[in-house]
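Notes follow the structure.
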Amino acid sequence: MKLSRHVADMQPFHALAFGQRADTMEAAGQHVVALSIGEPDFGAPSAVREAMLDVMDGRPLPYTSAFGLPALREAISGFYRDRHGVDVDPARIAITSGASCALVMATAATVDDGDEVILADPSYPCNRELVTSFGGRVVAVPTTAATRYQLDTAAVDRAWSERTTAVMVATPSNPTGTSIPFEQLSAICELARSRGAWRIVDEIYLELADPGADGRAARTVLETDPDAIVVSSFSKYFGMTGWRLGWMVVPETLVDPVERLAMNFFLSASNPAQQAALACFAPETLAICEERRVELGRRRRLVLDGLARIGLPVPVEPDGAFYVYVDVSGTGLDAWQFCERALEQAHVALTPGRDFGATTADTHVRLSYAASPEELQEGLDRLGRFVAGLAS
């Protein structure tokens, strides 16, 4: 018996591996400050939890349609209209089993053997694995602090070939927490569209991005490119990580193909989770989520100031999500060694740059500031002592 070449070649997600090691240490009685996983400590808003309890009263909970509850798709459409000023037909919205499932379907719908997909290095590792799993070739474009570790039109143009079929971007990004300036995002999409390529835009962290100078919410790509494939999630802004609920917006030409994929890949997302998620869009719940976004901004400042005191530089300050991408090259350790020793000696869990691509694999680590302020401060204190010990 043999494994498929796809799984044989697949790399582990090191953020989860370090998180599991931290859990093992915790179980052995050692408190670990877990800053490796992108999971807000708030949990789901109370109205969502209460809605879940209400629906779990013994009533039948059958499969929904493959694209999800019509009421939830209508609510998401209204959210785009009220928050972002764009009209999205609910028929183009698919509810998925987490944003990961949406990324799987976006890739399955657009990638064939030999197709090339352009994405940034560093970027979310699972996207690379998805492209190769469907026979595509990843064109990982090295980025630098000068472009906020994001693609720009010049980089996309240089990477383009006759086999390019899609450009995949995330804004704000995991691992850097940086956004693509909206004008640049629009230009990238126009370049790809003019050459007949798909635009796959991960907006999982969009609602956790800083507002504009005018106070306006961060802008969705759908404002400039209505036919982009957009992936989003209930996990981050709404704090529903373990509920495994996401959504995607597809152009009309992909509605039928993606529905067939949904039917075959996962039938439908969780019925009770979908019903509970309707409470996300109540004004009171949205107000709570906005308070949380502001709180995450305070935590970001705490972390950035603390890292500066320690002497660990952050080349580009993030403007969204809940990550900082830290340059550890001045410590005398590569990123993997830094993370291993920080876990073993300081009991702080971080994620090495190896997860996110070759360009920053040895020089950078990702720190998630989704933990409580108390845990963040404790983690910074421990890292300060650890780094000071390296220099002595």
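Some notes on this structure:
- Label positions at Ala213 and Glu26, each projected 7 Å from the Cα along the C-beta direction, are separated by 4.3 nm.
- Near Val138: Cβ cut-off under 11 Å, other residues only, Lys/Arg at +1 and Asp/Glu at -1. The net charge is -2.
- Once the Cα-Cα distance is subtracted from the 0.36 nm per residue extended length, the Glu190 to Val255 segment shows a gain of 21.2 nm.
- Database remark: amide H of Phe238 closer than 5 angstrom to no amide H (H placed geometrically; neighbours at sequence offset of 5 or more, or on other chains; Pro and chain starts carry no H).
- For the chain: relative contact order, % (alpha-carbon pairs under 8 angstrom, 6 or more apart): 25 percent
- The three principal axes of the Cα atoms in the chain give end-to-end lengths of 62, 59, 55 Å, sorted in falling order.
- The separation of the range 196-254 from the range 1-79, counted between C-alpha centres, amounts to 18 Å.
- Inter-centroid distance (Cα atoms) of the range 268-313 relative to the range 122-168, Å: 28 Å
- The HN-Hα couplings worked out from phi for the range 88-96 by the Karplus form 6.51 cos²θ - 1.76 cosθ + 1.60 (θ = phi - 60°) are 10, 4, x, 5, 9, 9, 10, 7, 10 Hz, whole numbers, x standing for Gly and Pro.
- Separation between Cα centres of the range 104-118 and the range 317-380, rounded to whole Å: 31 Å
- Dividing the convex hull volume of the alpha-carbon atoms in the range 273-325 by its residue count gives 88 Å³ per residue.
- Per residue, the solvent-accessible area of the chain (1.4 Å probe, heavy atoms of protein chains only, all protein chains present) comes to 42 Å².
- Accessible surface comparison of Arg301, Arg148, Arg81, Arg158, probe 1.4 Å, protein chains only, largest first: the order is Arg158, Arg81, Arg301, Arg148.
- For the range 23-28, backbone phi angles converted through the Karplus equation (6.51, -1.76, 1.60; θ = phi - 60°) give residue-by-residue couplings of 4, 5, 5, 4, 5, 8 Hz, Gly and Pro being listed as x.
- Here the Karplus curve 6.51 cos²θ - 1.76 cosθ + 1.60, taken at θ = phi - 60°, turns the phi angles of the range 238-255 into couplings of 8, x, 10, 4, x, 7, 6, 9, x, 8, 9, 10, 10, x, 4, 5, 9, 4 Hz, with x standing for Gly and Pro.
- Global geometry of the range 146-269, whether rounded, prolate or oblate, following the gyration tensor of its Cα atoms and the 1.5 cut on a/c: oblate
- Translational diffusion coefficient (Stokes-Einstein; Kirkwood radius from C-alpha pairs) of the range 290-364 at 37 °C, 0.692 mPa s, in µm²/s: 249 µm²/s
- Local net charge near Gly242, Cβ-Cβ under 15 Å (Lys/Arg +1, Asp/Glu -1): 0
- Inter-site label distance for Ala154 and Ser372 at 7 Å from Cα along Cβ, in nm: 4.7 nm
- Highest GNM mean-square fluctuation among Gly239, Gly85, Gly136, for the chain modelled with Cα contacts below 10 Å: Gly85.
- Working from label points 7 Å from Cα in the Cα-to-Cβ sense, the Ala358 to Leu3 distance is 2.2 nm.
- Three semi-axes of the equivalent ellipsoid, the range 252-392, Cα gyration tensor, whole Å, largest first: 37, 21, 14
- A simple count of charges around Thr107, restricted to other residues whose Cβ falls under 14 Å of its Cβ and scoring Lys, Arg +1 and Asp, Glu -1, yields -3.
The values are calculated or read from the model by the stated rules, or taken from the named source; none is laboratory data. Not measured: the values here are computed from a predicted model. For neighbour counting, all protein chains shown are included, and Cβ atoms are generated from backbone atoms with ideal geometry for every residue, glycine included. Ligands, DNA and RNA are stripped out before the accessible areas are found, and what is left, the full protein with its side chains, is counted by its heavy atoms. Shrake-Rupley method; radii C 1.70, N 1.55, O 1.52, S 1.80 Å.
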